[in-house]
Amino acid sequence: MNVLIVYAHPEPQSFNGALKDLAVSELTKLGHQIKVSDLYAMNFKAVADGGDFQQRQDERFLKYAVEQKHAVKTESFSRDIEEEQEKLVWADFVIFQFPIWWYSMPAILKGWFDRVYASGFIYTRENRYDSGGLKGRKAMLSVTTGTPKGAYMPNGMDGDIHEKILYHINHGMLYFSGMQPVEPFISWTPSHDEEERKMYLEAYKQRLHSLSEQPIISYHPKAHYDENHQLKKEYQ
């Protein structure tokens, strides 16, 4: 497969960095083609603004989604956005490697989604979720936490990690774009114990060796919802 790794951590020697490096080495050994977007090393611009377009439809008033649609039609995104979109088109599988910060992702990665996941490229009013622009691809989150697993259980202090912490990413970003999200790989508090870090690296190695076989997170397709965006009774 063509595998894109989008990596967001400011320290190359971090455990996130170790997971990213392991993915590159193991997937390469297995014969996959790999590209890495190391957002901090790239100094990727996280703020969406008018500079994201080489030419504007309206120079007087910035409607960002409108300008995104215009840039798709005229191929006039800034070069850094174009490069990331080209990687997404190239990829069969995308791995997002990042730490959980403030119940979400680092700002630089959120900015990547804001700028790269463009209207007209990733989605239109008609084409989103199971018909989104990246349909046919799979994606996986590989994340690290700063609090233990128990805190992220359904009755945990920090909330269910699948339904409350990662849902907005898996459903609202990955599935929304047409990709099929697979079960995430979670390293719980890896900064606390060297032996656990070794255990997680070995477990991740095994995950990488069966990447195409990982179970998909199932979400309802658009056809299961009515005109008010409510789930039809027969699917509830």
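May I ask you to list the residues in segment 136-160 that are open to solvent by 40 Å² or more (accessible area, probe 1.4 Å), outside any loop (DSSP other than H, G, I, E, B) and either charged (D, E, K, R) or touching a helix residue (DSSP H, G or I) at 6+ places or on another chain (Cβ under 6 Å) (or both)?
K138, K149
To keep it simple, each residue is scored yes or no on (1) under 19 Å from G146 (Cβ atoms); (2) open to solvent by less than 70 Å² (accessible area, probe 1.4 Å).
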| site | (1), (2) |
| --- | --- |
| M179 | no, yes |
| F185 | yes, yes |
| W188 | yes, yes |
| H192 | yes, no |
| Y200 | yes, yes |
| L211 | no, yes |
| P215 | no, no |
| S218 | no, no |
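Limited to segment 175-189, what total is found for residues that are farther than 20 Å from S210 by Cα and hydrophobic (A, V, I, L, M, F, W, C)?
Total satisfying the criteria: 2.
When residues of segment 14-29 are filtered for being open to solvent by 50 Å² or more (accessible area, probe 1.4 Å) and either touching a Pro at 6+ places or on another chain (Cβ under 9 Å) or in a loop (DSSP other than H, G, I, E, B) (or both), how many remain?
1
Among the residues of segment 167-213, what is the count of those that are part of a loop (DSSP other than H, G, I, E, B) and out of contact with any helix residue (DSSP H, G or I) (no Cβ under 7 Å at 6 or more places or on another chain)?
So the answer is 7.
Mind checking which residues of segment 112-138 are at positive phi and small (G, A, S)?
G120, G136 - these are the residues of segment 112-138 that are at positive phi and small (G, A, S).
Scan segment 20-40 and report the pairs whose first residue is closer than 18 Å to F98 by Cα and whose second residue is open to solvent by 40 Å² or more (accessible area, probe 1.4 Å) and part of a loop (DSSP other than H, G, I, E, B), with Cβ atoms within less than 7 Å and a gap of 6+ or a chain change.
If the second residue must be open to solvent by 40 Å² or more (accessible area, probe 1.4 Å) and part of a loop (DSSP other than H, G, I, E, B), the pairs left are Y40/P10.
I'm checking my understanding of the structure. Among residues of segment 117-145 that are in contact with a Phe, Trp or Tyr (Cβ under 8 Å, 6 or more places away or on another chain) and of a type in the set (G, A, S), which one is farthest from E227 (Cα to Cα)?
The qualifying residue farthest from E227 (Cα to Cα) is S142.
So which residues in segment 103-125 are in a loop (DSSP other than H, G, I, E, B), surrounded by 18 or more Cβ atoms within 10 Å (Cβ to Cβ) and out of contact with any helix residue (DSSP H, G or I) (no Cβ under 9 Å at 6 or more places or on another chain), if there are any at all?
P106
Name the residue, out of P184, P215, that is over 30 Å from S76 (Cα atoms) and within 14 Å of the chain's Cα centre (by Cα).
P184 is the lone residue from the list that is over 30 Å from S76 (Cα atoms) and within 14 Å of the chain's Cα centre (by Cα).
Could you run through segment 163-177 and say how many residues are open to solvent by 10 Å² or more (accessible area, probe 1.4 Å) and either among the β-branched types (V, I, T) or out of contact with any strand residue (DSSP E or B) (no Cβ under 7 Å at 6 or more places or on another chain) (or both)?
Counting residues in segment 163-177 that are open to solvent by 10 Å² or more (accessible area, probe 1.4 Å) and either among the β-branched types (V, I, T) or out of contact with any strand residue (DSSP E or B) (no Cβ under 7 Å at 6 or more places or on another chain) (or both) gives 7.
Collect the residues in segment 44-85 that are touching a residue at least 40 places away in the same chain (Cβ under 8 Å), open to solvent by 20 Å² or more (accessible area, probe 1.4 Å) and among the charged types (D, E, K, R), keeping them in residue-number order.
K45, K69, K73
Could you tell me which numbered condition Y219 fails, if it satisfies all but one of (1) among the aromatic types (F, W, Y); (2) touching a strand residue (DSSP E or B) at 6+ places or on another chain (Cβ under 6 Å); (3) not in a helix (DSSP H, G or I)?
Of (1) among the aromatic types (F, W, Y); (2) touching a strand residue (DSSP E or B) at 6+ places or on another chain (Cβ under 6 Å); (3) not in a helix (DSSP H, G or I), only one is false for Y219: (2).
The values are calculated or read from the model by the stated rules, or taken from the named source; none is laboratory data. As the structure is a computational prediction, the values presented were derived from the model and not from experiment. So basically every Cβ, Gly included, is an ideal-geometry build from the backbone, and we count neighbours across all protein chains shown. For the accessible areas, the whole protein counts, side chains as well, though only heavy atoms, and no ligand, DNA or RNA atoms are used. Shrake-Rupley method; radii C 1.70, N 1.55, O 1.52, S 1.80 Å.
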